[in-house]
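To keep things clear, I will list the structure first and then write my remarks on it.
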Amino acid sequence: MTLVCVTNPVQSSTILLYTFYKDSEIIRSADRKTSYVIGKAGEENTGRYQCSVQSQDGNVRRKSPEAHILVQKLFTTPKIRVGPSCLVKEGEQVTLECVTDPKEKTGLKYFFYKDSQIIQSAAIKNIYVIDKAKEENTGSYQCSVQSQDGNVRKNSTNIYILIQNITITVDKDNKDFVYGESLTLNCSIKKGMSPVFLWLHNETVVEKNSEFYQLRDSGKVLYIKSLQSHHAGTYNCKVSNNLADNKPFYIVETFQISQILESHPLGSNIIWPVLGVLASLLLLVVILLFVKRRTLSILFPLLSHQQNSESTIDKDRSRDDRRSANESTNGPDETDNNQHLYGNVSSQQEEDDISYTYITSTGPTNKKDEPSVVYSVLKPPGASTGSQATQETDDSANVYQNFDAEEH
């Protein structure tokens, strides 16, 4: 942009000096040159311009009227934008965008820099992408925009990007969470910054004085004393730090507790079948003991009665032998009313049905009492009974049979 101060001297030999002003401020002092040149006009060159002419001795001086000059922008000064934020979790994608507002349909070229070293030059697109951020991508980034002919070039301010590794670890080897157990969640990042930790459970901020949680180590550690069903859900560790213009940037790591188990599932595929087998065996043993006890309760009385009966028969046989001997020598004696008499009882049963018979005769205690006779027959299990006999059986087996004294 060239400014020219024009005047018509009365005498051509007169020496004149020219001064230029912008917004009433001198931008070039008195000089014999009639023009003032601005090499590359910029927005800052917009303003009110004026010039003055004076004689060499300074006795004559005249000023021109002001001229208003507007320098129009080809594009605005660019700004660099970072997504998702200036604090980036390691492994995430980072997008740098150089934003400007062109006033005309002029082709622009975009440049990107990291730590003052060019990483992308003369690109038509105003975007630079880091696919998977790593620690070495941490640094200061800047972009610039240039007109197609290269006469106009504008630079953005610098912005610092920090690539940070964030992890949530637990104080256990497996990922099974059991009711009543304690749990410690540790949110860790690499050193080199002053992070602020914030824990969220199901999008709700965990307060410092929470009833169900304890925050330790400046909020870095979340401790749960006793796991309950309401502790299931999503946990977010949100780490923030002020990297530029006191604006906080965040990175978030997520941890999931799908459910709280009633007991340890470790080895449950083996434990539960084993417990099932043991329970079945225990039930079988109980059943066998019950059946055996039931059987013994039936057999023991039978054996006891058999032994007692055999003993009684032996004694009775010995007594009969002695009686026979006495009768052969001394003759028959009268028997006592209380003496036991033995003999076969007539019945309609087969001989195999009756093992032995036992008859007790009791004499009268006085003259009015009638003598009484009790008949008892021990029969084996499964034996049939006579039609004339009345039978009283045990609940376990048909062992005993009583005969009516009047009929026998």
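The values are calculated or read from the model by the stated rules, or taken from the named source; none is laboratory data. Owing to the predicted nature of the structure, the values given are computational and were not obtained by experimental measurement. Every residue, glycine as well, gets a Cβ built from its backbone with ideal geometry; the counts of neighbours run over all protein chains shown. What goes into the accessible areas is simple: the full protein's heavy atoms, side chains included, and nothing from ligands, DNA or RNA. Shrake-Rupley method; radii C 1.70, N 1.55, O 1.52, S 1.80 Å.
What's the total number of residues in the range 254-291 that are open to solvent by 40 Å² or more (accessible area, probe 1.4 Å), at pLDDT 85 or above and not in a helix (DSSP H, G or I)?
Matching residues across the range 254-291 total 4.
Among the residues of the range 113-124, is any assigned to a strand (DSSP E or B), without any contact (Cβ under 8 Å) to a residue 40 or more places away in the chain, open to solvent by less than 30 Å² (accessible area, probe 1.4 Å) and touching a Cys at 6+ places or on another chain (Cβ under 8 Å)?
Taking the range 113-124 as the starting set, the residues that turn out to be assigned to a strand (DSSP E or B) are 113-114, 117-123.
When the remaining residues are screened for being without any contact (Cβ under 8 Å) to a residue 40 or more places away in the chain, the result is 113-114, 117-123.
Cutting the leftovers down to open to solvent by less than 30 Å² (accessible area, probe 1.4 Å) gives us 123.
After this cut, where a residue has to be touching a Cys at 6+ places or on another chain (Cβ under 8 Å) as well, the list is none.
No, the conditions are met nowhere in the range 113-124.
Which members of the range 36-54 meet the condition of being open to solvent by 30 Å² or more (accessible area, probe 1.4 Å) and within 24 Å of residue 73 (Cα to Cα)?
Here is the first cut: in the range 36-54, the residues open to solvent by 30 Å² or more (accessible area, probe 1.4 Å) are 36-37, 39-41, 43-44, 46, 48, 50, 54.
The answer is 36, 37, 39, 40, 41, 43, 44, 46, 48, 50.
On the basis of being touching a Phe, Trp or Tyr at 6+ places or on another chain (Cβ under 7 Å), aliphatic (A, V, I, L, M) and touching a residue at least 12 places away in the same chain (Cβ under 8 Å), does residue 53 make the cut? Break it down into steps so the answer makes sense when it comes.
On the way: touching a Phe, Trp or Tyr at 6+ places or on another chain (Cβ under 7 Å): yes; aliphatic (A, V, I, L, M): yes; touching a residue at least 12 places away in the same chain (Cβ under 8 Å): yes.
Considered against the rule, which asks whether it is touching a Phe, Trp or Tyr at 6+ places or on another chain (Cβ under 7 Å), aliphatic (A, V, I, L, M) and touching a residue at least 12 places away in the same chain (Cβ under 8 Å), residue 53 comes out as yes.
Whether any residue in the range 217-226 is charged (D, E, K, R) and in a strand (DSSP E or B) is what I want to check. Steps first, answer last, please.
Going through the range 217-226, the residues charged (D, E, K, R) turn out to be 217, 220, 225.
Subsequent filtering for residues that are in a strand (DSSP E or B) retains none.
No, because not a single residue in the range 217-226 is charged (D, E, K, R) and in a strand (DSSP E or B).
Given (1) open to solvent by 50 Å² or more (accessible area, probe 1.4 Å); (2) without any contact (Cβ under 8 Å) to a residue 40 or more places away in the chain; (3) among the hydrophobic types (A, V, I, L, M, F, W, C), where does residue 196 come up short, assuming only one miss?
With respect to (1) open to solvent by 50 Å² or more (accessible area, probe 1.4 Å); (2) without any contact (Cβ under 8 Å) to a residue 40 or more places away in the chain; (3) among the hydrophobic types (A, V, I, L, M, F, W, C), residue 196 is out only on (2).
Residues checked against (1) over 16 Å from residue 67 (Cα atoms); (2) of a type in the set (Gly, Ala, Ser):
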residue	(1), (2)
3	no, no
11	yes, no
20	no, no
23	no, no
39	yes, yes
45	no, no
49	no, no
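From 56, 50, 11, 72, grab the single residue that is within 30 Å of residue 107 (Cβ to Cβ) and either out of contact with any Ser or Thr (no Cβ under 6 Å at 6 or more places or on another chain) or among the polar types (S, T, N, Q) (or both).
Details: 56 fails: within 30 Å of residue 107 (Cβ to Cβ); 50 fails: within 30 Å of residue 107 (Cβ to Cβ); 11 fails: within 30 Å of residue 107 (Cβ to Cβ).
From the options 56, 50, 11, 72, the qualifying one is 72.
I want to confirm something. Restricting to the range 56-72 and keeping residues that are surrounded by 13 or more Cβ atoms within 10 Å (Cβ to Cβ) and in contact (Cβ under 8 Å) with a residue 40 or more places away in the chain, which single residue is nearest to residue 126 (Cα to Cα)?
Filtering the range 56-72 down to residues surrounded by 13 or more Cβ atoms within 10 Å (Cβ to Cβ) leaves 63-64, 66, 69, 71.
Checking which are in contact (Cβ under 8 Å) with a residue 40 or more places away in the chain leaves us with 64, 69, 71.
Working: 64: 46, 69: 32, 71: 25 Å.
Here the residue is 71.
In the range 1-30, what residues are of a type in the set (D, E, K, R) and open to solvent by 60 Å² or more (accessible area, probe 1.4 Å)?
Quick first cut of the range 1-30, residues of a type in the set (D, E, K, R) only: 22-23, 25, 28.
Residue satisfying the conditions is 25 alone.
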